[in-house]
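Chemist: This is the structure I want to talk about, given as structure tokens.
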């Protein structure tokens with residue numbers, strides 16, 4: 001059944017986007033000098049980001065076991081939409097017309113690829 005892998009990938013893209021937002025938040029507290037590198041192990045936002053990236057990988061693997069890669073992988077581009085929406089809400093980034101058109105194109109592309117796999 002194609003719906004279950006689709007739902008899994010949508011969940012996985014959301015998890016990946018959450019992870020990216022936490023990486024962005026954690027990067028503000030990142031120690032880049034080699035002598036301070038171990039202090040990064042205390043960066044809670046980086047650990048939360050790692051957790052969500054790992055969760056996304058697990059969900060993707062389950063979806064890949066059930067459906068073709070040529071169907072699953074294009075769905076992963078939905079991550080861009082989630083990241084933009086979460087960045088506006090949690091990072092204070094701005095939305096503009098170009099991004100909205102980009103979303104429309106991404107969704108259109110995902111639909112076309114999906115139809116090609118039916």
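A short reminder: the numbers here are calculations on the coordinates, not readings from a lab. On a predicted model such as this, the values are computed, not experimentally measured, just so you know. Positions of Cβ are generated from backbone atoms using ideal geometry, with glycine treated the same way; all protein chains shown enter the neighbour counts.
Chemist: When the range 59-76 is examined, which residues are found to be under 10 Å from residue 9 (Cα atoms), surrounded by fewer than 19 Cβ atoms within 10 Å (Cβ to Cβ) and touching a helix residue (DSSP H, G or I) at 6+ places or on another chain (Cβ under 8 Å)?
Modeler: Listed by number, the residues that qualify are 62, 64, 76.
Chemist: Of the residues in the range 15-36, how many are buried (at least 21 other Cβ atoms within 10 Å of the Cβ) and more than 14 Å from residue 47 (Cα to Cα)?
Modeler: Total meeting the criteria: 1.
Chemist: Just to check your reading of the model, which residue among 34, 62, 48 is out of contact with any strand residue (DSSP E or B) (no Cβ under 8 Å at 6 or more places or on another chain) and within 23 Å of residue 107 (Cα to Cα)?
Modeler: On the way: 34 fails: within 23 Å of residue 107 (Cα to Cα); 48 fails: within 23 Å of residue 107 (Cα to Cα).
Of the residues listed, the single one that is out of contact with any strand residue (DSSP E or B) (no Cβ under 8 Å at 6 or more places or on another chain) and within 23 Å of residue 107 (Cα to Cα) is 62.
Chemist: Pick out, from the range 1-110, the helices (runs of 4 or more DSSP H) lying fully within it that include 3 or more residues that are free of Cβ contacts under 8 Å to residues at least 24 places away in the same chain.
Modeler: Here the list reads 3-27, 44-66, 78-91.
Chemist: Now a separate question. Criterion first (out of contact with any helix residue (DSSP H, G or I) (no Cβ under 7 Å at 6 or more places or on another chain) and under 23 Å from residue 71 (Cα atoms)) does residue 10 satisfy it?
Modeler: The answer is no for residue 10.
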